[in-house]
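Readers should treat all values here as calculations from the given coordinates under stated rules, not as data from a laboratory. All values reported here derive from a predicted model rather than from experimental measurement. Because the Cβ atoms are built from the backbone with ideal geometry, glycine has one as well, and the counts that use them run over all protein chains shown.
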Amino acid sequence: MSPVTSVSLANCEDEPIHRPGAIQPHGALIALDAEGRVLSRSTNLMAITGLDVLPGTTPDGELLGADILALIGEGLASSDHWANSVESVLLGRLFDVVAHRHLQVLYLEFEPRRTASGSFSQFALYAQRIISQMQNRHDIDALLSRVTQEIRNMTGYDRVMAYRFRPDLSGEVIAEAHREDLESYLGQRYPASDIPAQARLLYIQNPIRLIADVAYAPAPLTPALDPRTGQPFDLSFSTLRSVSPIHCEYLTNMGVRASMSVSIVVGGKLWGLFSCHHMSPKTMAHPLRMSFQVISQVCSALVERLEHNQATQTLKQASDQQQKLMTQARDSEDLVSALAGDPDNIASLIPCDGAAVVMSGRTQSIGGHFDQLCRQVLEHVEQDPNLEVFQTEHWQGSPSERNTSGYCGILAVRFHRQESGWVLWLRKEEINNVRWGGKPEKIIKVGPSGARLTPRGSFEAWEEVVRGRSASWSDTDITIAEKLRRDLVELCLSRASEIDGMRQRLIAMLGHDLRNPLQSISMAAAMLSSNETRDTELRKHISHSSGRMERLISQILEMSRLQSGLGIMVNRVDTDLSVLVESIVHETAVAFPGLTIEARIEPNVRAMIDPDRYAQVITNLLGNARYHGTPDTPVLISLSAEQGNTRLSVLNQTTPVAPERLATLFQPFKPHSAENLRNKNGLGIGLYISQAIAVAHSGNLSVEQNGNVITFSMVQPVEA
Ligand code: BLA
């Protein structure tokens, strides 16, 4: 596109803003070749400086004066990227002569100085004060708020904003200082297109730009093209560069007459801008712009440091929290609840509006009910068996099922392939979460390009872009998610090998334990038909043996449920525990007349429990006391209520258990279970299941030993 092609809303991404073929008329420009001959100059050169120079000639050294000649000499002797300036009097007027070399052209820009030199030392002091104040700020918002205020004091602009780019390149005003009668733009969002890509790129190379008066008539360069190349001059580093008419229209519509912005570049990327507005024409002298630029550079370095600190701190906090979660997960049979239960869960690891853990088709949600959404997402992500991390800001659902949940940000990690184990974090559409102080209503004016070039037009454009999108997942978010994933994969692997070992032992034991009752049954069955007198006796025998097999098998089933991480299902109802315990004690006493049971049961102890499950624990504890207790000593069972809890204890005398064995009593498949001759009935997993039941009731089952007396206690809250 040649510089004269008109720019419109439709083609502004293509506008070659770095070679507009003209400058702003508050200064004048001369372009020289490597021999110091004039290549081109702005048409206003004469009007601004009183000098005239002819293309192809060398400017008159006497008119320019020694300082400018020296500057030119230095520039010609240097290579590209050189820049320097002098303060010089030309025909009785004071100028800042700002020079730089770019692509084999030496540019001289003449800016009439309006401020007396003396006052500049004051600005240096100002800058120094601002910089020293910046060091004390520990968060980015506070830092930028202070700096915008100070820049306004220093420069006198009507409005100074810190404008920050978000990952999608939209912008947000995150700090502001403004003249009291102007409306605030703080918190407002603008689409990426308000500062097109080529402008952002340019602002990394050249951090400063100034518009002295948006209503200016550009001063063209003549000739317009570099005679050596036939190309327009590249004014990327010029301070007088004529700016995009689209942008001038935008500012005009906002009621802004002059502007200046300085880039905040962090890690080589355009992080943000200090953007200044003035409601009447305004320029800033070169030395002042340099102070501003230094302030911005120091500020950029501080932002970089603070961001780094912030990321380190976020990662550290997440890592601590994750460690807690992993301990919780390791200690629990129910991985899903350990990760998604209360109060510590995965939602606190990453900023989100909801989260969920899915495994073996079971979903546990945090902050909402996400079963359907998770199912949709899993249907999609599981199509790729190698996908481990999935992220999107605009989850739309599938062609057959649109996502209507309002949550469109999904970050998901897979931790268990076979069982479809996923952790998901969810974010709502960002537009609902933005702290937006109301749409900007005030349109000062609408120019030729229509209402789009107004803050409200911008807001609407931004709204359109972000519809159906959440805030993006940051690198830190992804790092945290990946770390959790790795830890969970490891946990599941070690659990799998543990389970595998257990299974081996289980099979060995089952083979051994089921053989006995089976043999008894077949022997008894064989005798049934041959000896009728003994039938009753034999029937009893058969029913006892098959009852034992049934118990073994149901324990195995229960166990396999627990081991696959599904947990114990409890169905809580308001129950009179006193009556329940009493009846089990009675049944046991009838079934085992040789056993002495002393019961101390407080009346009317009630709690929200699953009575079948609770009975299972009591039966198991009484059974253990019977098998392992010293024969002919009583078993003591007590039930009481205390501070919102109920306590059930079973106490009996026994041969003392070694302390290291005491701790393993709740583990399944204790190697010594098989050693106890009187425990022919179990696999040694009864306590393991009982404890899981207690935990499923938000309680716990513990053991205590005092000499030759052993006590098992189940404590659990009265309320569900
Ligand atoms: C440049 N647009 C800019 C700049 C800002 C904005 C800060 C940097 C130049 C400067 O210092 O003034 C945008 N300024 C804003 C916004 C606010 C503000 C959002 O004060 C809100 C408070 N601009 C548009 C559209 C196009 C466009 C729709 O809004 C094109 C379709 C173009 N903006 C555009 C161009 C530039 C620009 C081309 C570069 C100007 C230049 O350096 O030549």
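Note on residue 404 and residue 184: their simple-model spin labels are 3.9 nm apart, each label 7 Å out from Cα toward Cβ. Note on the range 558-717: with charges restricted to the Cβ of Lys and Arg (+1) and Asp and Glu (-1), its dipole about the Cα centre is near 360 debye. Shown here for the range 35-133: chymotrypsin sites (Phe, Trp or Tyr not before Pro) in loop regions (DSSP other than H, G, I, E, B) with at most 16 other Cβ atoms within 10 Å, namely 82.
So what's the gap between the Cα centers of the range 29-55 and the range 565-588, to the nearest angstrom? Their Cα centres are 99 Å away from one another. Calculated FRET efficiency, residue 311 to residue 544, Cβ-Cβ distance, R0 = 56 Å: about 0.25 to the nearest 0.05. Any chance you could check the Cα centroid distance between the range 386-405 and the range 143-215 for me, in angstrom? Between the Cα centres of the range 386-405 and the range 143-215 lies a distance of 35 Å. From most to least packed by mean Cβ count within 10 Å, the peptides 250-259, 686-695, 310-319 give 686-695, 250-259, 310-319.
For the chain, a Kirkwood hydrodynamic radius built from all Cα pairs, placed in the Stokes-Einstein relation at 37 °C and 0.692 mPa s, yields a translational diffusion coefficient of 101 µm²/s. Once you divide the Cα radius of gyration of the range 1-136 by 2.2 N^0.38 Å, the number left is 1.25. Assuming charge only on the beta carbon of Lys and Arg (+1) and of Asp and Glu (-1), the dipole of the range 51-196 about its Cα centre is about 420 debye to the nearest 20.
Each peptide in 191-199, 621-629 receives the mean, over its residues, of other Cβ atoms within 10 Å, and ordering these scores from highest gives 621-629, 191-199. Listed by chain and number, the aspartates and glutamates whose C-alpha is less than 18 Å from the C-alpha of residue 540, apart from same-chain residues fewer than 8 away, are 532, 550, 587. Each residue of the range 165-180 was assigned a 3J(HN,Hα) from its phi angle through the Karplus expression (A = 6.51, B = -1.76, C = 1.60, θ = phi - 60°), giving 7, 9, x, 8, 6, 5, x, 9, 7, 9, 8, 7, 10, 9, 4, 4 Hz with x at Gly and Pro.
Mean separation of Cα pairs under 8 Å and 6+ residues apart, divided by the residue count of the range 22-116: what relative contact order is that in percent?
Answer for the range 22-116 is 28 percent.
Enter the angle in degrees (range 0 to 90, nearest 10) between the Cα long axis of helix 535-563 and the first principal axis of the Cα atoms of the chain, meaning the one along which they spread out most. Approximately 10 degrees, to the nearest ten. Beta bridges assigned by DSSP with both partners in the chain are antiparallel in approximately 95 percent of cases. For residue 238, no residue has an amide H sitting under 5 Å from its own, ignoring neighbours fewer than 5 places away on the same chain, with H placed 1.01 Å from N.
Using only the alpha-carbon atoms, how far is helix 371-381 inclined from the longest principal axis of the chain? Give it as 0 to 90 degrees, nearest 10. Helix 371-381 sits roughly 70 degrees off the main axis of the chain. With each label modelled as a point 7 angstrom along the Cα→C-beta vector, the residue 138-residue 500 pair spans 5.0 nm. Normalised Debye scattering of the range 289-379 at q = 0.19, 0.23 Å⁻¹ gives log10 I(q)/I(0) of -0.90, -1.11, counting only Cα atoms as equal scatterers and leaving out solvent. Here the contact order of the chain, divided by its residue count and restricted to Cα pairs under 8 Å and six or more residues apart, works out to 9 percent. In this structure the amide hydrogen of residue 176, modeled in the peptide plane, comes within under 5 Å of the amide hydrogens of 162, none closer than 5 places in sequence on its chain. For the chain, the residue among 310, 229, 100 whose Cα projects farthest onto the positive side of the dipole built from Cβ charges is 310. Dipole magnitude for the chain: computed about the Cα centre from +1 point charges on Lys and Arg Cβ and -1 point charges on Asp and Glu Cβ, it is near 220 debye.
Just check the range 558-717 against the gyration tensor rule for me: Cα atoms, a ≥ b ≥ c as the square roots of the eigenvalues, rounded for a/c under 1.5, and otherwise prolate or oblate depending on whether a/b exceeds b/c.
Oblate.
Per-residue Karplus couplings for the range 219-226, computed as 6.51 cos²θ - 1.76 cosθ + 1.60 with θ equal to phi - 60°, are listed in order as 9, x, 8, 10, x, 6, 10, 5 Hz, Gly and Pro entered as x.
Put one equal scatterer on each alpha carbon of the range 349-438, apply the Debye formula with no solvent term, and list log10 I(q)/I(0) at q = 0.15, 0.19, 0.21, 0.22 1/Å to two decimals. For the range 349-438, the Cα-only Debye profile gives -0.53, -0.83, -1.01, -1.10. Between the range 288-327 and the range 590-620, what is the separation of their alpha carbon centroids in Å? Centre-to-centre (Cα) distance: 60 Å. Angle of helix 686-696 to the longest C-alpha principal axis of the chain, folded into 0 to 90 degrees and rounded to 10: 40°. Computed from backbone phi, the HN-Hα couplings of the range 251-256 come to 5, 4, 4, 7, x, 8 Hz, rounded to whole numbers (Karplus: 6.51 cos²θ - 1.76 cosθ + 1.60, θ = phi - 60°; Gly and Pro given as x). Straight-line reach from residue 282: taking Cα to Cα under 14 Å and skipping same-chain neighbours fewer than 8 places apart, the aspartates and glutamates in range are 111, 158, 213. Across every pair of non-identical alpha carbons in the range 175-298, the mean reciprocal distance, once inverted, gives a Kirkwood radius of 16.0 Å.
Farthest towards the positive end of the charge dipole of the range 22-116, among the residues 56, 29, 71, is the Cα of 29, using unit charges on the Cβ of Lys, Arg, Asp and Glu. Can you find, among 648, 459, 275, the residue farthest towards the positive end of the dipole of the chain? Put +1 on the C-beta of Lys and Arg, -1 on that of Asp and Glu. Farthest towards the positive end: 648.
Going down the list 316/483; 324/483; 269/483, which pairs span over 22 Å between their C-alpha atoms?
Correct reply: 269/483.
A simple spin-label model places pseudo-atoms 7 Å from Cα toward Cβ; at residue 52 and residue 486 they are separated by 7.3 nm. If you wrap the Cα atoms of the range 112-260 in a convex hull and average its projected area over all directions, you get 11.7 nm².
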